[in-house]
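Please read the structure below before turning to the comments.
What follows is calculated from the coordinates using simple rules that are stated; it is not laboratory data. Just so we're clear, the structure is a prediction, and the values are computed from it rather than from any experiment. Positions of Cβ are generated from backbone atoms using ideal geometry, with glycine treated the same way; all protein chains shown enter the neighbour counts.
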Amino acid sequence: MKQRATFNSKLGLVMAAVGSAVGLGNIWRFPCEAGEHGGGAFLIVYIFCVIILGFVVMLAEFFLGRASQSNTVGAFKVLAPNTMWKIIGYNGVLAAFLIFGFYSVVSGWTLEYIYQSAAGNLNANSIEEFVINFGSFQSDIFRPILWVLIFTLITHFVVLSGVKKGIERASKIMMPVLFVILIALCIRSLMLPNAIEGLKFFFNPDFSKITSTVVLSALGQAFFSLSVGMGCMITYASYFNKSINIPNTAVSVVTLDTLIAILAGVIIFPAVTSFGISPSQGPQLVFITLPNIFQQMPLGNLWSFIFFVLLAIAALTSIISLHEVVTAYLHEQYKMSRRKAATIVSASGFTLGIICSLSFGVLSRFKIFGSTIFDLLDFITANLMLPLGGMFICIFIGWFVDKQVLKAELTNNGTLKFKLFSVFVFLIKYVAPIIIALVCVNELGLF
Ligand code: TRP
């Protein structure tokens, strides 16, 4: 059998997992969700979900991937042959594809902003003008789709250049730079007049705002941001070599990812209150507040250019992981060449991207259950498919996987210590599945 490709270095591997986790989810989706769902109240629930649920599911996925050395669906076929468990894998592949569709649209917006900053055009006289400019770009037919196409082509070629070279190299260099820029932006944002009100909104929880919708959104956002619940981390962990310390890797990924989301909040919310706009603007929040911050900085267009380049790269390292899930599945389960598999994914993903993009323009009045196609895909994947996928992953590991096997894999056959192993087993067996089930049932209005 041909040996599977593995990630080169330890740093490269952590960075690839971080690269998948850190993306538009942290910088675009997190402030948007937090803004719509009560700021501080959302943040508290979010952090709880990350630590108790997201982390546990990430460990579980790392286990599944490295133990089976297989893709999202294959992992269940290897570890539980001839059972229904592989449905979790199918749910994951489908979720990856659907997320790919709307994620490529927002990734495309970052390209437009790179272009506009390079041209020196990202200026306006007022925040209202930024809102109008963004709206008219967004509802245009061809322009956003052109960017989706370009972004999809870039993704396609990175995925085709192979696991090691493409993904690892891209992630390793850019993530630290992004981090530095975010810190600079934080400082700038905190110096805006009225910034303190934004910090209050973000850090001062009003517990009366915690409703079942807030909890479900925080749960969905935690899974979305960490790239868990649909087997993305299974696919990545299948490329881990046997000496990697899985628990430590999960701690690093979760910590970095959460830190970056919080940084994004510290950038956005002070700006929101300072500019006097509503924090519940929805998907365009980041794309109107940030240019306004940049405009008030010396060399604003340069900063803005660098920032959107980095954001596009963060989006790229995330979308690659979505693409990879579907490509690895087709390649390994249907024995088609990687090139053919990747081409199918890119072409069909682009088609879905077109539909999502048009849902801001000509298709904006076409609604299913009261949502546009973009919003619907976002909601179904993040708030249903990922939490339910995560729940079944927990049940699978907690109830059906031999704990000896689990422990051996997580401790590299006893060569590492994992002191909290029994806590982990308790969480994955009882706590995580029950909480997720309650949240979903409650939101569906079943009690
Ligand atoms: N986590 C990424 C982000 O925050 C998005 C992403 C990549 C993702 N792979 C995923 C989300 C798998 C859910 C599942 O931008």
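Worth pointing out:
- Shape category assigned to the range 89-238 from the gyration tensor of Cα positions, a/c cut at 1.5: oblate
- The local environment of Pro283, defined by Cβ-Cβ distances under 12 Å, has a net charge of -3 under the rule Lys, Arg +1 and Asp, Glu -1.
- Segment Glu129-Ala80, length gained on full extension (0.36 nm per residue, minus Cα span): 12.0 nm
- For a modelled paramagnetic label at Glu197, 7 Å from Cα along Cα-to-Cβ, the residues of the range 272-315 in reach, with backbone nitrogen under 15 Å, are 272-280.
- Counting only alpha carbon atoms, the long axis of helix 338-358 and the longest principal axis of the chain meet at about 40°.
- FRET E, pair Thr211, Leu416, Förster distance 35 Å, beta-carbon r, rounded to 0.05: 0.25
- Cα gyration tensor, the range 238-326 - rounded (a/c under 1.5), prolate or oblate: prolate
- Fully extending the segment from Asp140 to Ile355, taken as 0.36 nm per residue of separation minus the present Cα-Cα distance, adds 76.1 nm.
- Each of Pro247, Ile210, Ile150 was placed along the dipole of the chain (beta-carbon charges, centred on the mean Cα), and the one lying farthest toward the positive end is Pro247.
- Cα-based convex hull volume of the range 266-398 per residue, rounded to whole Å³: 179 Å³
- Distance between modelled label sites at Phe379 and Ala119, nm, 7 Å Cα→Cβ extension: 3.5 nm
- Ranked Lys419, Lys172, Lys403, criterion: other C-beta atoms within 10 Å, fewest first: Lys419, Lys403, Lys172
- Likely footprinting exposure, Trp399, Trp147, Trp303, Trp109, fewest C-beta neighbours within 10 Å first: Trp399, Trp303, Trp147, Trp109
- Length gained when the stretch Val251-Ile51 is fully extended (0.36 nm per residue, less Cα-Cα span): 71.0 nm
- Cα gyration tensor, the range 193-349 - rounded (a/c under 1.5), prolate or oblate: prolate
- Placing unit charges on each Cβ (+1 for Lys and Arg, -1 for Asp and Glu) gives the chain a dipole about its Cα centre, and among Val177, Val266, Phe426 the Cα reaching farthest toward its positive end belongs to Phe426.
- Phi-based couplings in Hz for the range 218-230 (Karplus 6.51, -1.76, 1.60; Gly and Pro marked x): 5, 4, x, 5, 4, 5, 4, 5, 7, 6, 10, x, 9
- FRET efficiency for Trp399 and Ser348, using Cβ-Cβ distance with R0 set to 25 Å, rounded to 0.05: 0.10
- Dipole magnitude for the range 10-443: computed about the Cα centre from +1 point charges on Lys and Arg Cβ and -1 point charges on Asp and Glu Cβ, it is near 1420 debye.
- As a ratio to 2.2 N^0.38 Å, the alpha-carbon radius of gyration for the range 320-393 is 1.33.
- Packing-based exposure ordering (other Cβ within 10 Å, fewest first) of Arg339, Arg188: Arg339, Arg188
- For the chain, Kirkwood radius (reciprocal of mean inverse C-alpha pair distance, Å): 21.9 Å
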